[in-house]
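Have a look at the structure below, then the notes.
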Amino acid sequence: VSRYIGIDLGGTAIKHGVVDQKGTVLTSGSTRTPDRGREGILSCMAEIARRYMDLYPILGIGVGTAGAVDFARGRVLGHSPNIPGWGDTPVRELLLERLDLPVAVDNDANCMALAEMHAGAGRGCRSAFFLTLGTGIGSAVVVDGRLLRGAHSLGGEWGHSTIVHNGRMCACGRRGHLEAYASAPALVRRTLELARQGLPSVYAELSDAAAGALDSEEVFKAAAAGDAAAAQALTETASYLADGIASAVNLLDPERIVLGGGMAVAGSPFVGAVVEEVRTRVHSAVTPYVDLVTAELGNRAGFIGAALLLLDSMAGTAG
Ligand SMILES: [Zn+2]
């Protein structure tokens, strides 16, 4: 048995565990993300790794992180708004100084895709398209069993594809991107907008503070309970999402499409609506092959995939 440590760095928590080469989790845990910047995070990761290394023989450590990552160099690029001090960090180099083990680093969407390919909703597939709906929209592409990274490790950013010409402002500073229409914050914003425009809604008279605290889970509940603004916002979101997915399907003709994140709940009317709309949007030749499912591994996918990252990079089957 080969064992790897997977570490998934998020803005509030670091999820981690020991994973074997099949993606089976042997042990796992969660640690609060330290707020002491780069050094604090790296020390915390090294501490987590050493604890596991005392328990198991470990072949390597994989790190998944939000934002743009240069996979070849094991380096986080740019700045990380959710994790102060983490941007532009040579993670592999700095972890190698602390731990004498191979280290691989990639973005969280690629890690999620690897985990689902090995041990989740993408099992048995050779090609798949992954979309994670959360605060942002993460995406990843697997073709012929390999993650598609592109010339600069920056490929697969489908959340920032333009679906509306000169449309809503996206968090990235450009307009009309899928993320500005189908992320969790976009759904909440649209619900409040429709409620204030007069659609019958429990959110019509919401204070600014209460509106700021509203999350997508509550919008889903409100829609199920018959709230007109929430229901309308969900219908629109499913429609925009289907636009984005259909374009990707036309390009890739994937064996399977995997939707992850809190908004993708198996069997929900929302996912059902997305599937139906994708079928009506793709090129008609592809329609019979649209196979859209929800992710299976939830928030464990990040650290599981991070661990597998290393297995894959060493085996040469990905990246
Ligand atoms: Zn964008």
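Of the beta bridges DSSP finds with both residues in the stretch 38-140, what % are antiparallel, to the nearest 5?
60
For the stretch 228-315, what size does the Cα cloud have along each of its three principal axes, sorted from largest down, in whole Å?
Cα extents, longest axis first: 48, 33, 18 Å.
I'd like the orientation of helix 108-119 relative to the chain: the angle between its Cα long axis and the longest Cα principal axis, in ° from 0 to 90, rounded to 10.
Helix 108-119 sits at roughly 80 degrees to that axis.
Pull up all non-local amide H partners of MET263: gap of 5 or more, or a different chain, and H-to-H distance under 5 Å with H placed in the peptide plane.
Result for MET263 returns LEU133.
Can you check what the net charge comes to around GLY138, using other residues whose Cβ is under 10 Å from the Cβ of GLY138 (Lys, Arg +1; Asp, Glu -1)?
Net of charged neighbours comes to -3.
Read phi for every residue in the stretch 289-295 and hand back ³J(HN,Hα) as whole Hz from Karplus 6.51 cos²θ - 1.76 cosθ + 1.60, θ = phi - 60°, with x for Gly and Pro.
Taking θ as phi minus 60°, the curve returns 9, 5, 10, 9, 10, 9, 4 Hz for the stretch 289-295.
Just need log10 I(q)/I(0) for the stretch 33-168 at q = 0.10 Å⁻¹, Debye formula, equal scatterers on the alpha-carbon atoms, no solvent, rounded to two decimals.
With one equal scatterer per Cα and no solvent, log10 I(q)/I(0) is -0.38.
I need the per residue convex hull volume for the stretch 68-124, using only the alpha carbons, in cubic angstrom as a whole number.
So the per-residue Cα hull volume is 104 Å³.
Using only the alpha carbons of the stretch 178-257, determine the length spanned along each of the three principal axes and report them from longest to shortest in whole angstroms.
45, 22, 20
Relative contact order, percent, of the chain when contacts are C-alpha pairs under 8 Å separated by at least 6 residues?
Taking the mean separation of contacting Cα pairs over the length of the chain, I get 22 percent.
Determine the gain in length on full extension of the stretch LYS221-SER161; use 0.36 nm per residue of separation and subtract their C-alpha separation, reporting nm with one decimal.
Working it through step by step, the gained length comes to 18.7 nm.
Would you work out what percent of the accessible area of the chain, with all protein chains in place, is carbon or sulfur (probe 1.4 Å)?
51
Using the Cα centre as the reference, give the magnitude of the dipole from point charges on the C-beta atoms of the chain (Lys, Arg: +1; Asp, Glu: -1; all else neutral), rounded to the nearest 20 debye.
Rounded to the nearest 20 debye, it is 360 debye.
Taking H as built 1.01 Å from N, whose amide H comes closer than 5 Å to the amide H of GLU296, not counting residues under 5 places away?
HN-HN under 5 Å from GLU296: ALA121.
I need the phi-derived Karplus couplings for the stretch 54-65: 6.51 cos²θ - 1.76 cosθ + 1.60, θ = phi - 60°, integer Hz, Gly and Pro marked x.
6, 8, 9, x, 10, 8, x, 10, x, 10, x, 8
For the pair LEU154/GLU276, report the inter-label distance in nm, with labels modelled 7 Å from Cα in the Cβ direction.
4.0
With a cut-off of 8 Å between alpha carbons and a minimum separation of six or more residues, what is the relative contact order of the stretch 1-114 in percent?
Computed over the stretch 1-114, the figure is 25 percent.
Let's test the formula: R0 of 41 Å, r as the Cβ-Cβ distance of SER43 and THR235. What FRET efficiency results, to the nearest 0.05?
It comes out at approximately 0.30.
Find how much the distance from ASP88 to ARG51 grows on full extension, using 0.36 nm per residue of separation minus their present alpha carbon separation; answer in nm with one decimal.
My answer for the length gained is 10.6 nm.
Send over a whole-number figure in Å² for the accessible area per residue of the stretch 195-319, probe 1.4 Å.
47
Putting +1 on Lys and Arg Cβ atoms and -1 on Asp and Glu Cβ atoms, find which of ILE7, THR294, GLY198 reaches farthest to the positive end of the dipole of the chain.
ILE7
If you fit an axis through the alpha-carbon atoms of helix 228-252 and take the longest principal axis of the Cα set of the chain, what angle between them do you get, 0 to 90°, nearest 10?
Roughly 50 degrees between the two axes.
On the principal axes of its Cα set, how long, how wide and how thick is the chain? Give whole Å, largest value first.
61, 48, 34
Tilt of helix 269-281 relative to the longest C-alpha principal axis of the chain, in degrees (0 to 90, nearest 10)?
80
Pop out the ³J(HN,Hα) list for the stretch 168-183 in order, Karplus 6.51 cos²θ - 1.76 cosθ + 1.60 with θ = phi - 60°, rounded to Hz; leave Gly and Pro as x.
3J(HN,Hα) across the stretch 168-183, in whole Hz: 4, 6, 8, 4, 7, x, 10, 9, x, 6, 3, 4, 6, 10, 10, 7.
May I ask for the Kirkwood hydrodynamic radius of the stretch 107-260, worked out over all distinct Cα pairs and given in angstroms to one decimal?
16.4 Å is the Kirkwood radius here.
Need one number: nm distance between label points at ASP291 and GLU193, each 7 Å from Cα along Cα→Cβ, rounded to one decimal.
With each label point 7 Å from Cα toward Cβ, the separation is 3.6 nm.
In the chain, what % of DSSP beta bridges are antiparallel (nearest 5)?
Bridges in the chain are about 60 percent antiparallel.
The values are calculated or read from the model by the stated rules, or taken from the named source; none is laboratory data. Given the structure is predicted, the values throughout are model-derived calculations rather than measurements. Positions of Cβ are backbone-derived with ideal geometry, glycine not excepted, and every protein chain shown enters the neighbour counts. When the accessible area is computed, the model is the full protein with side chains, heavy atoms only, and any ligands, DNA or RNA have been set aside. Shrake-Rupley method; radii C 1.70, N 1.55, O 1.52, S 1.80 Å.
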